[in-house]
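Heads up, the thing below is written out as structure tokens.
The values are calculated or read from the model by the stated rules, or taken from the named source; none is laboratory data. Quick caveat: nothing in here was measured; it's all calculated off a predicted structure. Quick reminder, even Gly has a Cβ in these numbers, built from the backbone with ideal geometry, and neighbours come from all protein chains shown.
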Amino acid sequence: MIVQTALQAAGFACVTVAAILAARALLARGPAEPVLPWTRAGFLLLAGAMVTGAWRTLELTGRQRWGLLTWLIFFAVLHVHRVPAFKGRPALAAGLAGWALAAAAWFWR
């Protein structure tokens with residue numbers, strides 16, 4: 001459980017940095033490139049947290065469902081950012097929505 005909590009905290013920290021960079025890029029209409037490495041790192045750490053926590057139970061609690069939904073949003077953001085229609089501002093907005101969902105899932109007990 002310690003490993004899962006550490007991975008969750010590190011993953012949430014990475015997506016928080018990505019959200020801050022995305023918000024700055026959206027407000028300043030600047031480049032979005034530094035956002036992707038942070039999003040990718042957070043995605044991988046959150047995936048590790050899901051895998052290390054999966055051995056405890058095969059049932060999905062409400063919090064685990066929200067965590068899975070958050071992970072799927074970041075999965076989508078990482079995979080559609082290369083599509084011309086979703087490049088730039090839409091991808092940044094989707095990343096911010098993923099962060100908001102991650103924050104809700106993190107604090108929802």
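Cβ-Cβ distances below 7 Å connect the following pairs, each with a first residue in region 1-18 that is under 14 Å from Phe74 (Cβ atoms) and surrounded by 14 or more Cβ atoms within 10 Å (Cβ to Cβ), a second residue that is modelled with pLDDT of 85 or more and of a type in the set (Ser, Thr, Tyr), and a separation of six or more residues or different chains: Val15/Thr39; Ala18/Thr39.
Of the residues that sit in region 74-90 and are small (Gly, Ala, Ser) and modelled with pLDDT under 80, which one is nearest to Leu45 (Cα to Cα)?
So in region 74-90, the residues small (Gly, Ala, Ser) come out as 76, 85, 88.
Now restrict to residues that are modelled with pLDDT under 80: 85, 88.
Numbers: Ala85: 28, Gly88: 24 Å.
This residue is Gly88.
Yes or no: region 56-66 includes at least one residue that is at pLDDT 80 or above and buried (at least 17 other Cβ atoms within 10 Å of the Cβ). No, because not a single residue in region 56-66 is at pLDDT 80 or above and buried (at least 17 other Cβ atoms within 10 Å of the Cβ). On inspection, Gly42 qualifies as modelled with pLDDT of 85 or more, under 13 Å from the mean Cα position of the chain (by Cα), small (Gly, Ala, Ser) and part of a helix (DSSP H, G or I).
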